[in-house]
1. Taking the stretch 60-94 as the search range and keeping residues that are polar (S, T, N, Q) and either under 18 Å from ARG24 (Cβ atoms) or in a loop (DSSP other than H, G, I, E, B) (or both), which one is farthest from the ligand (Cβ to nearest atom)?
2. Restricted to the stretch 27-54, and to residues that are part of a loop (DSSP other than H, G, I, E, B) and not charged (D, E, K, R), which residue is nearest to ALA119 (Cα to Cα)?
3. Counting only residues that are within 15 Å of ASN98 (Cα to Cα) and surrounded by fewer than 18 Cβ atoms within 10 Å (Cβ to Cβ), how many does the stretch 47-61 have?
4. Among the numbered criteria (1) within 16 Å of the ligand (Cβ to nearest atom); (2) more than 23 Å from GLU86 (Cα to Cα); (3) open to solvent by less than 20 Å² (accessible area, probe 1.4 Å), which single criterion is violated by VAL14?
5. Pick from ALA116, ALA106, ALA37: which is open to solvent by less than 60 Å² (accessible area, probe 1.4 Å), within 13 Å of the ligand (Cβ to nearest atom) and of a type in the set (A, V, I, L, M)?
6. When you scan the stretch 173-186, how many residues do you find that are more than 16 Å from the ligand (Cβ to nearest atom) and either of a type in the set (Asp, Glu) or in contact (Cβ under 8 Å) with a residue 60 or more places away in the chain (or both)?
7. Just to be sure I understand the filter: pairs with C-beta atoms under 7 Å, separated by 6 or more residues or on different chains, first member in the stretch 70-97 and under 14 Å from VAL143 (Cα atoms), second member part of a helix (DSSP H, G or I). Which pairs pass?
8. Give me the pairs: first residue in the stretch 233-258 and closer than 24 Å to LEU217 by Cβ, second residue among the acidic types (Asp, Glu) and in a helix (DSSP H, G or I), beta-carbon distance under 9 Å, and six or more apart or on different chains, which are they?
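The values are calculated or read from the model by the stated rules, or taken from the named source; none is laboratory data. Note that the structure is a prediction, hence the values are computed from the model and not measured. Cβ sites come from the backbone with ideal geometry, for glycine too, and all protein chains shown count toward neighbours. Accessible surface is based on the protein model in full, side chains and every heavy atom, while ligands, DNA and RNA are left aside. Shrake-Rupley method; radii C 1.70, N 1.55, O 1.52, S 1.80 Å.
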Amino acid sequence: MAETPLLVTVTDGVAMLTLNRPERLNAFTAALHEELAAALDRAGGDSAVRALLITGAGRGFCAGQDLSERKPVPGEPRRDLGQGLERYYNPLIRRLRNLEKPIVAAVNGVAAGAGAGLALACDIVIAGHAASFIEAFSRIGLVPDAGNTWFLPRLVGPARAVAMALTGEAVPARQAADWGLIWKAVPDDTLMTEARALAQRLAQGPTRALGLTKRALNRSSTNDLDTQLDLERDLQREAGLGEDYREGVAAFLEKRPPRFTGR
Ligand code: LHQ
């Protein structure tokens, strides 16, 4: 088994987090959860990090919960699976959504169960053609978790969401892109180059404004139009006070590329 379940590098403003349990298709263990949570918190608090890129080592992206850690043992009391959600998965999904920096998922292979939830909680999902998305829960007698029941209908509509969840059928990357489940599917050998280039471009963006944009879109899922218009006013007020707005307009008027600092 790999020594450390998560590899973290920071280059050119991008924190790259690689789930590193390739022998188990990067299934989640408690140790992986702990490291991922710590890495996300560090990236959130580090002003040198202006975008994140999440991917998996080996041929899988993430196969969800490591089922060997959740094996029912005959004779022992049945485990409260809600506890694992409360302790690990729900905070993970909240961290990803609340982290006000762009997060790209480079889905290099199968994303199953909570692994699909992890991908869908990121802001922009690019998948290699060999990747697929599987709501694997029904295959083992469980209910979709890790935000899957929230993301799926919003992304692909109720008909596709319910079929994915009830059948547990794999949705290949190209179909996922056609359905709007993800942003795009690309040839496997270009996935990491494209994803890294995108994350680097985002890392050179107006980080504060991108974070506020993420907040606005997150809230739009539950706000009515009046509330959302008020929120846009407040967030625009904040963005308008930033250095990057001054730089963006100056660069436009001077017909040169902007040099955003993220402030
Ligand atoms: C695995 C796993 C895995 C352990 C592949 N665990 N070893 C939250 C709260 C509490 C409890 C429960 O769960 C949750 C959230 C969830 O995520 S529930 C859903 C859990 N995930 C699954 O049910 C998916 C299980 N995996 C699969 O169905 C298949 O592995 C998929 C379809 C993902 C990929 O199939 P293949 O490409 O054929 O690969 P494979 O099955 O041969 O897997 C490769 C190895 O990885 C294999 O080990 P081995 O020693 O035989 O080489 C698998 O046992 C291991 N592995 N997923 N989740």
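1. Among residues in the stretch 60-94 that are polar (S, T, N, Q) and either under 18 Å from ARG24 (Cβ atoms) or in a loop (DSSP other than H, G, I, E, B) (or both), the one farthest from the ligand (Cβ to nearest atom) is SER68.
2. ALA27
3. So the count comes out to 0.
4. Here VAL14 meets the rest and fails (1).
5. That would be ALA116, the only listed residue that is open to solvent by less than 60 Å² (accessible area, probe 1.4 Å), within 13 Å of the ligand (Cβ to nearest atom) and of a type in the set (A, V, I, L, M).
6. 4
7. TYR89/ALA114
8. Once the first residue is closer than 24 Å to LEU217 by Cβ and sits in the stretch 233-258, its partners that are among the acidic types (Asp, Glu) and in a helix (DSSP H, G or I) give PRO258/ASP244; PRO258/GLU247.
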